[in-house]
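The values are calculated or read from the model by the stated rules, or taken from the named source; none is laboratory data. The model shown is predicted, which means the values in this text are computed figures rather than measured ones. With ideal geometry, Cβ positions are generated from the backbone for all residues, glycine too; neighbour counts draw on all protein chains shown. Note: areas computed on protein heavy atoms with side chains; ligands, DNA, RNA excluded. Shrake-Rupley method; radii C 1.70, N 1.55, O 1.52, S 1.80 Å.
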Amino acid sequence: MSGAGANPSRSAIVANTASGHHYLTIQGYSRTKGIPTGEGVRSRPFIIGGHRWRIDYYPNGKTSEFADYVCVSLILDEDVADAVKAQWDIGLAGEEEEAEQVASLASKSLDKFASWKGWIYRTFVKREDLERSKNLRDDSFTLRCDIVVVLDCRTEDRAAAFVSVPPCDLGRQLGDFFRTKKGTDVVFEIGGETVAAHRCVLAARSSVFSAELFGPMKEGNAASVVPIQDMDADVFKALLHFAYTGSLPKPLKEDQDAMCQHLLVAADRYDMGRLKLICEEKLCEYINVGSAATILALAEQHRCVGLKKACLNFLAAPATLKAVMATDGFQHLSRSCPSLMVELMAMSLPH
């Protein structure tokens, strides 16, 4: 029999999960309003947690009772032997909305998804509320779907149950280092402003910075200033923020699409691949009739394979391509990327 002061043994039952999220953009929202109540449009399938899913979009509701609402549903788009257990949520994409959605996901009930079946938001958003909201922009809006799939459960010992290891906060610590300017040893001059930084941090994050600050052609010393040409100061500061923290500053400027375009160019210039991909992903959400040609030119000039595919996919509809060809951006595209004209002409030919 154990003594009164003996430490108790501990164990735990742990649910293994796999999670992810998917963005679905509704482009040309006003045109979808002509779809009758009860009829929906399916998204392309996507994979989260090892299972295939899709979102069904009903612009005039699933039933006449909810005809004033936009309705969405999440469907398990495959055959399964046993129902898939998952927590899920769909919301309008936006910085505030997404943060709330992620924070509340853990409190959602665990739903079961049988083959080709799903769950529905009958009153997802009232159409008049959507049309007055900031989420509807250039006749488009984006949904974010979060899914947490429960895979199985396991038991484990908890020998170190009294020790809680916090997540790594290196990004926050380096970010504080950048903000306080403690120990900075290089100063950049850009657009009439000066920005102090740390050579070693920038060299570790970018091969271009490494060559410029430590290579044979290094610029500046501890007491001098390195000039930065052909870049906006806000863009360069955002680039440095990412170099220190691994994340974009929040919030970005109001014209986020333009900021992402400039930041993508900066990321390519300084060989910061992950930042470039983040900008590509964000710009995919801003592709519309007015911006498609400009973004496609950017993708072609900076070798952005995924962003280029997203633009060409948007232009696949003949009516959309015709509308984009009438924009000023398309004239710039034809001059700056003549090779793309061959691809676009091939797309416009009848199949």
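Structure notes:
- Subset of region 72-97 (residues that are over 21 Å from Glu285 (Cα atoms), in contact (Cβ under 8 Å) with a residue 12 or more places away in the chain and either in a strand (DSSP E or B) or not aliphatic (A, V, I, L, M) (or both)): Ile75, Leu76, Asp77, Glu78, Asp79, Val84, Lys85, Ala86, Gln87, Trp88
- Scanning region 140-162 for residues that are among the aliphatic types (A, V, I, L, M) and modelled with pLDDT under 75 yields Ala159, Ala160, Ala161.
- From Gly38, Gly20, residue being assigned to a strand (DSSP E or B), under 17 Å from Gly118 (Cβ atoms), out of contact with any Lys or Arg (no Cβ under 6 Å at 6 or more places or on another chain) and open to solvent by 20 Å² or more (accessible area, probe 1.4 Å): Gly20
- Of the helices (runs of 4 or more DSSP H) contained entirely in region 257-351, those carrying at least 3 residues that are free of Cβ contacts under 8 Å to residues at least 60 places away in the same chain and surrounded by fewer than 20 Cβ atoms within 10 Å (Cβ to Cβ) fall at 273-284, 305-314, 318-325, 328-336, 338-348.
- Close contacts from region 130-147, counting a first residue that is among the small types (Gly, Ala, Ser) and a second that is modelled with pLDDT of 90 or more and not in a loop (DSSP other than H, G, I, E, B), with Cβ to Cβ under 7 Å and a gap of 6+ residues or different chains, come to Ser140/Thr25; Ser140/Ile26; Ser140/Gln27; Ser140/Tyr29.
- In region 173-206, the residue that is farthest from Ala243 (Cα to Cα) out of those that are among the polar types (S, T, N, Q) and in a helix (DSSP H, G or I) is Thr180.
- Arg122 fulfils the conditions (1) in contact with a helix residue (DSSP H, G or I) (Cβ under 6 Å, 6 or more places away or on another chain); (2) surrounded by 18 or more Cβ atoms within 10 Å (Cβ to Cβ) except for a single criterion, (2).
- Going through (1) more than 21 Å from Arg52 (Cβ to Cβ); (2) in contact with a strand residue (DSSP E or B) (Cβ under 6 Å, 6 or more places away or on another chain) one by one, Ile90 falls short only on (1).
- Here the condition is being under 20 Å from Val208 (Cβ atoms) and in contact with a Gly (Cβ under 7 Å, 6 or more places away or on another chain); of Ala267, Ala238, Ala243, Ala233, it holds for Ala233 alone.
- Within region 102-128, considering residues that are part of a helix (DSSP H, G or I) and not hydrophobic (A, V, I, L, M, F, W, C), the one nearest to Lys62 (Cα to Cα): Arg127
Conditions (1) open to solvent by 80 Å² or more (accessible area, probe 1.4 Å); (2) of a type outside the set (Val, Ile, Thr); (3) closer than 24 Å to Thr17 by Cα, marked per residue:
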{"position": "Ile47", "(1), (2), (3)": "yes, no, yes"}
{"position": "Arg52", "(1), (2), (3)": "yes, yes, yes"}
{"position": "Ile55", "(1), (2), (3)": "no, no, yes"}
{"position": "Asn60", "(1), (2), (3)": "no, yes, no"}
{"position": "Asp68", "(1), (2), (3)": "yes, yes, no"}
{"position": "Ala86", "(1), (2), (3)": "no, yes, yes"}
{"position": "Ile90", "(1), (2), (3)": "no, no, yes"}
{"position": "Glu97", "(1), (2), (3)": "no, yes, yes"}
{"position": "Ser107", "(1), (2), (3)": "yes, yes, yes"}
